[in-house]
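Report on the structure given below.
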Amino acid sequence: MHERIGALVLAAGKGTRMKSDAPKVLKTLLGEPMLRYGLDALAGLFGPRVLAVIGHRAALVEAAFPDMAGRFVLQAEQLGTGHALAAALPRLAAEGLEYVLVVNGDAPLVTAESLGVFVATALAGAADLAFVTIELPQAGAYGRVVRQGGAVRIVEAKDYDTARDGPVTGEINAGVYLLRLAAVAPLLADLRNDNAGGEYYITDLVGLAGGAGLSVLAVNRGDDPAYLGINSPRELVAAEERLRRRRIDALLDEGVLVRAADSVRVGPHVRVAPGAELCGPLELYGSTSIAAGAAIASHCVLRDAVIGENVTVQAFCHLEGARVAAGAQVGPYARLRPGAVLEEGAKVGNFVEMKKSTLGPGAKAGHLTYLGDATVGAAANIGAGTITCNYDGVRKHKTVIGEKAFIGSNSALVAPVTIGAGALVGAGSVITSDVPDGGLALGRGRQVTKTRK
């Protein structure tokens with residue numbers, strides 16, 4: 001894309017119809033904020049030449065997008081889309097841009113491909129101002145496109161007057177504009193807020209541009225759903241389903257086996273290699289990656305997890321920020337929290353929880369175990385009911401278990417503590433001191449048996 005074309009995302013509004021005080025652009029779809037989708041699409045076209053206008057609870061929006069640091073423009077008062085563009089104008093001028101593509105932040109279905117086609121069409125038509133229109137059977141709250149006497153303008157839904165503007169045609173404004181700044185920027189001073197909303201609308205620039213003799217182009221994209229915005233919880237859910245279906249279809253086409261596909265949710269940044277197998281219900285979010293030959297069973301949730309080749313994750317497991325190496329096995333009913341690492345061929349079984357711990361190659365923790373802040377050596381065996389007691393009420397402490405060590409069932413290892421290579425801890429022990437390599441540790445009271453009366 002031409003280096004003197006950049007993008008501006010309008011993301012300052014509250015979104016009152018969402019019935020929430022949180023910024024609308026932070027509402028999530030498939031685990032990602034709504035605004036992320038538009039930013040990703042624009043980054044594919046313009047790289048770093050993307051700015052965003054924020055306003056309502058701006059600090060929350062900034063914190064959610066650290067990769068956008070330095071590229072936010074604050075609209076301190078939210079006085080409409082035209083006012084937002086005016087607030088960004090000095091920054092756009094400083095960027096040295098000739099054209100700016102303006103996109104609403106509540107349009108997560110938009111794609112780089114569709115936007116690229118629109119920009120190319122506008123440039124080919126030498127338009128000073130171009131905008132996208134789509135056709136909907138129910139126009140709802142979208143601005144209506146009015147074509148009269150060879151001219152085109154946009155009228156907001158709440159201001160539409162059939163006696164003045166004619167019958168509603170179903171052609172609506174999609175909220176995407178390409179502006180040649182030198183021609184359009186002077187018109188911002190002519191925007192007025194004498195309308196039902198009391199706001200300065202960017203849509204009024206269309207009529208002003210036509211009246212000033214500028215070249216105005218309305219690019220009709222038919223019923224293309226890529227330009228549908230979100231104004232209500234119902235519309236958000238509908239858009240999320242479109243994104244979900246789009247993602248699943250792409251995975252199937254790439255060679256991923258997706259069973260019970262209607263109940264599989266895959267975020268936009270998740271990577272699944274051809275040859276992997278997924279079974280719904282299933283949720284994959286964040287930066288999760290799944291290698292070839294891995295099989296993820298139903299009722300699992302993975303977020304920011306790395307799954308190696310030929311790994312099996314059985315049903316009802318939760319993995320977050322965990323790394324599972326080739327050939328390892330997880331579950332069923334296992335929970336791997338951030339920092340959990342299973343090395344090659346390791347295994348955690350049912351009702352095992354790991355946090356900030358490493359299970360070495362071939363090591364096993366089969367049942368009912370908690371491993372926190374622990375390092376477990378290769379081929380070690382952790383018996384059922386073992387707990388690493390890592391927290392003393394003030395600080396976290398580490399447990400180290402050597403290779404081929406055997407920890408008997410129902411043991412408590414009170415950190416900081418080291419269990420040597422090949423050592424054996426007897427079942428039911430509470431271990432508070434280090435155990436040397438090859439040692440035997442018993443930390444339990446002597447059994448007393450008496451005759452019952």
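A few remarks follow.
- Computed over the chain, Kirkwood Rh from alpha-carbon pairs, angstrom: 25.4 Å
- The range 179-262 - Debye-derived log10 I(q)/I(0), Cα point model, q = 0.13, 0.18, 0.19 Å⁻¹: -0.70, -0.92, -0.96
- Calculated SAXS-style log₁₀ I(q)/I(0) at q = 0.11 Å⁻¹ - the range 225-378, Debye, Cα scatterers: -0.43
- Theoretical FRET efficiency, 1/(1+(r/R0)^6), r = Cβ-Cβ of residue 273 and residue 453, R0 56 Å, to 0.05: 0.25
- Rg over Rh [alpha-carbon atoms, Kirkwood Rh] for the range 302-388: 0.91
- Once divided by 2.2 N^0.38 Å, the Cα radius of gyration of the range 132-244 becomes 1.12.
- Between residue 98 and residue 196, the FRET efficiency from the beta-carbon distance, with R0 = 45 Å, is close to 0.85.
- Residues of the range 371-403 with amide N under 13 Å of a point placed 7 Å along Cα→Cβ from residue 442: none
- Inter-part distance, the range 223-244 to the range 21-89, computed on C-alpha centroids, equals 18 Å.
- When each of the peptides 328-334, 169-175 is scored by how many other beta carbons lie within 10 Å of its residues on average, the order from highest to lowest is 328-334, 169-175.
- Estimated Rh, the range 303-451: Kirkwood, alpha-carbon pairs, angstrom: 15.1 Å
- Pairs of C-alpha atoms in the range 369-436 farther apart than 13 Å represent 56 percent of all such pairs.
- Percent of Cα pairs exceeding the 18 Å cut-off, where the set is the range 252-318: 20 percent
- Its DSSP H runs of at least 4 residues, each contributing -39,500 (n - 2.57), put the calculated 222 nm mean residue ellipticity of the chain at -5500 deg cm²/dmol, to the nearest 500.
- Unit charges on C-beta of K, R, D, E only; dipole of the chain, Debye: 2120 debye
- Range of Cα positions in the range 1-111 per principal axis (Å), largest first: 39, 30, 21
- Think of each Lys and Arg Cβ as +1 and each Asp and Glu Cβ as -1; about the Cα centre, that makes the dipole of the range 353-445 roughly 160 debye.
- For residue 19, a cut-off of 19 angstrom between C-alpha atoms picks up these lysines, skipping any fewer than 8 places away in its own chain: 27.
- Rg over Rh [alpha-carbon atoms, Kirkwood Rh] for the range 91-184: 1.00
Here, each number is a calculation from the coordinates, and none is a lab measurement. All values reported here derive from a predicted model rather than from experimental measurement. Using ideal geometry, Cβ is built from the backbone for each residue, glycine included, and neighbour counts are taken over all protein chains shown.
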